[in-house]
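Enquirer: Please see the structure below; I have some questions.
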Amino acid sequence: MADQTQYDVVIIGGGPGGYNAAIRAGQLGLKVACVEMRKTLGGTCLNVGCIPSKALLHASEMYEEAKTGFASLGIKVSPELDLPQMHKQKADSVDQLTKGIQFLFKKYKADWVKGQGRIAGPGKVVVKAEDGSEQTLETKNIIIATGSEPSRLPGVEVDQKRIVDSTGALTIPDVPKKLIVIGAGIIGLELGSVWRRLGAEMEVVEYLDRIIPGADGEVATAFQRSLTKQGVKFHLGMKVTGATTSDTGVKLTVEPKAGGPAETLEADVVLLAVGRRPFTENLGLDSVGIKADPRGFIDTDHYKTSAPGVWAIGDVTHGPMLAHKAEDEAVACIELIAGKAGHVNYDVIPGVIYTTPEVAWVGKTEEELKAAGVAYKIGKFPFSANSRAKVNHEAEGFVKVLADATTDRILGVHMIGPSVGEMIGEYCVAMEFGGASEDVARTCHPHPTRSEALRQAAMGVEGWTMQA
Ligand code: NAI
């Protein structure tokens with residue numbers, strides 16, 4: 001028998017968009033439920049994305065450091081890989097973090113309704129539990145926060161053994177001798193790096209003539225050079241036309257996108273990482289008259305969809321598919337529902353690639369500024385001239401600041417080097433306050449730290465960098 005409950009907000013999806021919306025709604029005193037079909041809250045990010053991948057990136061970086069970096073510091077060790085333990089510590093971290101969200105739900109009185117949610121008309125969400133039983137939630141507002149799933153490639157069948165996607169790449173039981181990554185985006189390069197550090201030979205097949213599309217071109221070139229030095233082999237401008245798997249490996253057929261003879265590449269494991277697509281399957285969008293665009297994204301205006309009382313946030317809507325973008329939209333959406341002034345500054349959404357070296361950016365790239373006809377000045381500083389990076393033997397990379405030629409306002413910052421993912425936040429704050437490069441240039445930074453390179457790059461905008 002259908003059970004009916006009245007809510008202010010029902011959120012479909014318990015990832016960074018959904019769980020942050022649920023917690024913020026609870027904080028603001030709204031009666032809220034979050035419908036999630038996984039066994040744990042946290043969505044892709046916590047369960048099979050950002051968090052487990054970072055656990056493996058950290059552990060594999062430590063392993064490689066111990067193998068090849070410690071000796072020059074005067075530390076002699078003979079590391080031995082314990083892959084089951086590496087997977088276990090990853091799973092333990094995920095377990096603790098997903099439980100943390102469950103705790104926050106309790107604290108802020110947000111209900112987690114377990115099962116698959118479907119919109120069944122205005123103000124109605126039907127939840128189908130694992131045992132097949134259904135309940136209907138009545139609500140004033142529905143938020144769609146169903147996220148995204150890995151895109152597929154015709155002819156390349158993911159079996160999560162020989163051909164894996166980002167989920168399968170997190171649980172490979174033995175280090176493959178050779179790994180081929182399809183797609184030189186963030187996922188391919190991060191997860192590929194994990195397995196290369198643990199001993200796999202790594203090749204990357206990319207359709208475009210460059211890696212990490214969307215990132216600043218100069219940074220992408222430096223990053224490719226660095227990965228090549230680490231032994232990664234790139235096949236750029238190539239398209240994959242098919243894959244055959246056997247008990248021993250995968251044969252990939254690839255051909256130049258510009259035309260030319262096909263070739264066969266062989267690998268023990270192939271990682272398919274050609275992007276993600278919005279997840280809206282069986283969501284009942286029709287029941288409220290919402291039409292996703294041809295790529296599956298839901299159009300919104302300040303998180304409002306075309307259906308009254310139905311909102312959408314995160315990967316299922318347009319913009320970068322990033323957990324922190326979804327989190328900010330979650331808070332803004334709930335605040336708008338609660339009659340407050342919710343707002344997201346889309347000019348200040350940072351991006352980070354957690355490889356070695358790390359890559360981080362915020363704001364406009366040089367290519368975007370040129371295309372928009374904006375006059376800008378550049379300040380640049382290499383980590384090779386930064387004392388802390390130098391003594392740590394991690395002097396690869398640089399910081400580049402792009403500032404408006406007339407007003408000096410910071411328009412974009414692009415970095416490759418040590419710990420830049422942690423440091424980009426400094427420029428996010430500066431940009432959020434409408435800061436000029438001079439504001440950063442005249443801010444005292446501690447010495448000796450890598451963060452001095454951020455200041456020196458800002459000083460470079462007016463040409464007074466202290467560099468030998
Ligand atoms: P992506 O869009 O960043 O990169 C996919 C790459 O695959 C592109 O370079 C594209 O040109 C290439 N490609 C597409 N079709 C191809 C084909 N047929 N043959 C060869 N290459 C092909 O997508 P990715 O890396 O899968 O990541 C998906 C999303 O997840 C992105 O929006 C990313 O920002 C996000 N993400 C962010 C992370 C972070 O913030 N550190 C970590 C993981 C994912």
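Only the coordinates and a few stated rules stand behind these numbers; no lab work does. Here the structure is a predicted model, which means the values were calculated and not measured. All Cβ positions, even for glycine, are placed from backbone atoms using ideal geometry, and neighbour counts span all protein chains on display.
Enquirer: Of all the helices (runs of 4 or more DSSP H) wholly in the range 413-466, which have at least 3 residues that are out of contact with any strand residue (DSSP E or B) (no Cβ under 7 Å at 6 or more places or on another chain)?
Expert: In the range 413-466, the matching helices (runs of 4 or more DSSP H) lie at 420-432, 437-441.
Enquirer: Related question: Please state which of the following conditions Val205 fails to meet, knowing it meets all the rest: (1) touching a His at 6+ places or on another chain (Cβ under 6 Å); (2) among the aliphatic types (A, V, I, L, M); (3) more than 16 Å from the ligand (Cβ to nearest atom).
Expert: Result: Val205 passes all but (3).
Enquirer: Follow-up question, since we're still on this one. What number of residues within the range 208-249 are surrounded by fewer than 17 Cβ atoms within 10 Å (Cβ to Cβ), within 15 Å of the ligand (Cβ to nearest atom) and in a loop (DSSP other than H, G, I, E, B)?
Expert: The qualifying residues number 6.
Enquirer: Among residues belonging to the range 255-273 that are charged (D, E, K, R) and outside any loop (DSSP other than H, G, I, E, B), point out the one that is nearest to the ligand (Cβ to nearest atom). I'd like the intermediate steps shown before the answer.
Expert: The first filter runs over the range 255-273 and keeps only residues charged (D, E, K, R), leaving 255, 257, 263, 266, 268.
Now restrict to residues that are outside any loop (DSSP other than H, G, I, E, B): 255, 263, 266.
On the way: Glu255: 11, Glu263: 14, Glu266: 17 Å.
Of everything passing the filter in the range 255-273, Glu255 is nearest to the ligand (Cβ to nearest atom).
Enquirer: Something else now. Would you please name the residue that is farthest from the chain's Cα centre (by Cα), looking only at residues in the range 100-132 that are among the basic types (Lys, Arg) and over 13 Å from Ala33 (Cβ atoms)? Let's see the steps before the verdict.
Expert: Step one: of the range 100-132, the residues among the basic types (Lys, Arg) are 106-107, 109, 114, 118, 124, 128.
Cutting the leftovers down to over 13 Å from Ala33 (Cβ atoms) gives us 106-107, 118, 128.
Details: Lys106: 28, Lys107: 28, Arg118: 26, Lys128: 30 Å.
Looking at the filtered set, the residue picked out is Lys128.
Enquirer: Something else: Residues of the range 321-345 being out of contact with any helix residue (DSSP H, G or I) (no Cβ under 8 Å at 6 or more places or on another chain) and either at positive phi or surrounded by fewer than 18 Cβ atoms within 10 Å (Cβ to Cβ) (or both), which ones? Walk me through it before giving the result.
Expert: Of the residues in the range 321-345, the ones out of contact with any helix residue (DSSP H, G or I) (no Cβ under 8 Å at 6 or more places or on another chain) are 322, 328, 332, 336, 339-340.
If the condition is that a residue be out of contact with any helix residue (DSSP H, G or I) (no Cβ under 8 Å at 6 or more places or on another chain) and either at positive phi or surrounded by fewer than 18 Cβ atoms within 10 Å (Cβ to Cβ) (or both), then Leu336, Gly339, Lys340 are the ones that fit.
Enquirer: Which of the residues that make up the range 158-191 are without any contact (Cβ under 8 Å) to a residue 60 or more places away in the chain and within 8 Å of the ligand (Cβ to nearest atom)?
Expert: Scanning the range 158-191 gives a single hit, Ala184.
Enquirer: Please note which strands (runs of 3 or more DSSP E) are completely contained in the range 55-129 and include at least 1 residues that are in contact with a Lys or Arg (Cβ under 7 Å, 6 or more places away or on another chain). Steps first, please.
Expert: Numbers: elements: 110-114, 116-119, 124-128.
Filter on the range 55-129 gives 116-119, 124-128.
Enquirer: Please identify the pairs in which a residue from the range 359-371 that is touching a residue at least 12 places away in the same chain (Cβ under 8 Å) has its Cβ atom under 6 Å from the Cβ atom of a residue that is of a type in the set (Phe, Trp, Tyr) and surrounded by 18 or more Cβ atoms within 10 Å (Cβ to Cβ), counting only partners at least 6 apart or on another chain.
Expert: Val359/Phe223; Val362/Tyr427; Leu369/Tyr376
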